[in-house]
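Report on one structure; see the data block that follows.
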Amino acid sequence: MASRERIGLWAVFIVMVILLRHKQGKWQGKHVLSRGGISRGTRKVLNLRARFRNTAFGPRAVVNCHSSPSILPLGEESAPYRIQLKGMTKGEIGGWLRSIHETEKRGEQIWGFMYGEGLMVRSWDQASKSVHPNGFSDKFVAKMKIGNASIDGDLFLVSSHSSPDGTTKFLFRINNGGKDELVETVAIPMERTVNSGKRSRITVCVSSQIGCAMGCSFCYTGLMGLRHNLTAGQIVEQVLSVRRLMTISEGHPPVTNVVFMGMGEPFHNFQNVQKAIDILTTPHPNTRHLSGDRITVSTVGLIPQIIQFVKNQRSRGRRHAQLAVSLHGTYDSQRSAIMKQNLKYNISALIRTLEELFPRGSDESVLIEYLLLNGTNDSPQDAKRLLNLLSNIQCIVNLIEFNAHNGSSYRRAEECNVAAFETIIRQGGVRVNVRRSRGSSKMAACGQLGSPVERARPAKVQFKSTQGT
């Protein structure tokens, strides 16, 4: 009996060794290729995939796709990785091409097809010679497909919904580790007065995360919690998709501005946001790249990232992305109830940082965003306190209307209170704008994006200020 048990154990051990060796060979490529019974064509495919996988951009270099904007899971695809070129800078694409024995000239060609005016392709087939006279050869297209190099941004349109005011919300799908998630992007038509009259344009409000970890009490997205950081390619593709879809209809104004005010806290996904800005503003012949000063990034007030962002942007020259800071309160207990990040970076620390970065009288301004909530932070005393806080900062104040959603007990400030608040700020010598709600009928307005699982929210706190005016 004991002998039979020993034989059984040895048999299990041998089977496990065989399975382990088979698994190693399957993933390492070279072991598989050394075995007989594989056709020449299959051997070439496996060799090429092994080469792609072993480049500096492959998953052996960085496994975590959150920190590597160029490597994405495939979901149901046949290979365990994708190389997402839309998440790479022009220099990174050139380096990757060299690593697979292609010329950097190919990188210029790829960039032109991904971002070129009237092109903005999402697949290799759209960029092939059979479709475009200056397209890629069938051999090169096949090589990119075999290596799972993608130019679709890993973002796929699900639907769009337009409001009567012309604002359109786009829903995109991404694959998050085998699970589909939705990203929301908003296209906002705008008009501005110029010498020749009124000029129309479109501002794209992009998301940087699915959900948000900041937990602001007025925000619908915050109900979701943080589910996923978007890659640089997914952020860039939001802008390109709106551009692509809007140009289908004749007479649509151009996309000229981008604001990072959608789902998520941009500075909580700092590297991918910074990289997306770099990609969107990279000049290239026959591409409509964005001017840096047409991009605005909004934050709840993450001080270390604010300092780093301003430093990075100023190193680019005068035409760089603009900073917007959400304040929404004039003293700590008030702001902490509205924005819990104030418990970590309080008003005095935030104001001190902005005074150092944007001193009064400097050439550059910071946008101060202030959400007016009825009976909470919209009194004349709040306006005077806000003026006092901003006295040494070169800034522009945007007063924002609250947009209602399920689960919130806040209400929009009365129009008379908005007008009085605006007057006090303007008379104090600070430039001020009232940002009117756009797209609220389709849940596309500020603070309304996302698809949270409803859960209890703490009751809203009403403030009776004991601070001086």
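The values are calculated or read from the model by the stated rules, or taken from the named source; none is laboratory data. None of the values given here were measured: they were computed from a predicted structure. Don't worry about glycine lacking a Cβ; one is built from the backbone with ideal geometry, like all the others, and counts go over all protein chains shown. These accessible areas exclude ligands, DNA and RNA; they are computed on the full protein's heavy atoms, side chains included. Shrake-Rupley method; radii C 1.70, N 1.55, O 1.52, S 1.80 Å.
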Across segment 307-320, in residue order, what do the Karplus-derived ³J(HN,Hα) couplings come to in whole Hz, using 6.51 cos²θ - 1.76 cosθ + 1.60 with θ = phi - 60° and x for Gly and Pro?
-> 4, 5, 4, 4, 4, 4, 5, 5, 5, 8, x, 6, 8, 10
Averaged per residue, what accessible area in Å² does segment 299-341 show with a 1.4 Å probe, protein chains only?
-> 39 Å²
Label Gln271 and Ser130 with points 7 Å out from Cα along Cα→Cβ: what is the distance between them in nm?
-> 3.9 nm
Compute, for Thr168, the solvent-accessible surface of its heavy atoms (probe 1.4 Å) with the complete set of protein chains present, and express it in square angstrom to the nearest 10.
-> 10 Å²
For segment 161-169, just list the computed ³J(HN,Hα) in residue order, Karplus coefficients 6.51, -1.76 and 1.60, θ = phi - 60°, integers in Hz, with x standing in for Gly and Pro.
-> 9, 10, 8, x, 7, x, 5, 10, 9
Cα centroid distance between segment 224-243 and segment 263-315, in Å?
-> 13 Å
Measuring from label point to label point, each 7 Å out along Cα→Cβ, what is the His101 to Val158 span in nm?
-> 4.3 nm
FRET efficiency (Arg411, Ile14; Cβ distance; R0 60 Å; to 0.05) is 0.25
To the nearest 10 Å², what's Asp363's accessible area with a 1.4 Å probe?
-> 150 Å²
Kindly state, to the nearest 0.05, the FRET efficiency for Ser362 paired with Arg316, given R0 = 22 Å and r defined as their beta-carbon distance.
-> 0.80
Contact order relative to length for segment 135-288, counting C-alpha pairs under 8 Å separated by 6 or more residues, stands in percent at 20 percent
Provide the per-residue ³J(HN,Hα) series for segment 387-393, in order, calculated from phi with Karplus coefficients 6.51, -1.76, 1.60 and θ = phi - 60°, each as a whole number of Hz, with x at glycine and proline positions.
-> 4, 5, 4, 8, 4, 10, 10
Subtracting the Cα-Cα distance from 0.36 nm times the residue separation, let me have the gained length for Gln308 to His284 in nm, one decimal.
-> 6.0 nm
Note down the nm distance, to one decimal, between modelled labels 7 Å out along Cα→Cβ at Ser333 and at Asn433.
-> 3.5 nm
Express the accessible area of segment 118-212 per residue in Å², computed with a 1.4 Å probe while the remaining protein chains stay in the model.
-> 45 Å²
Here are some pairs, Lys105/Lys129; Lys275/Lys311; Lys275/Lys344; which of them have Cα atoms lying more than 21 Å apart in this structure?
-> Lys275/Lys344
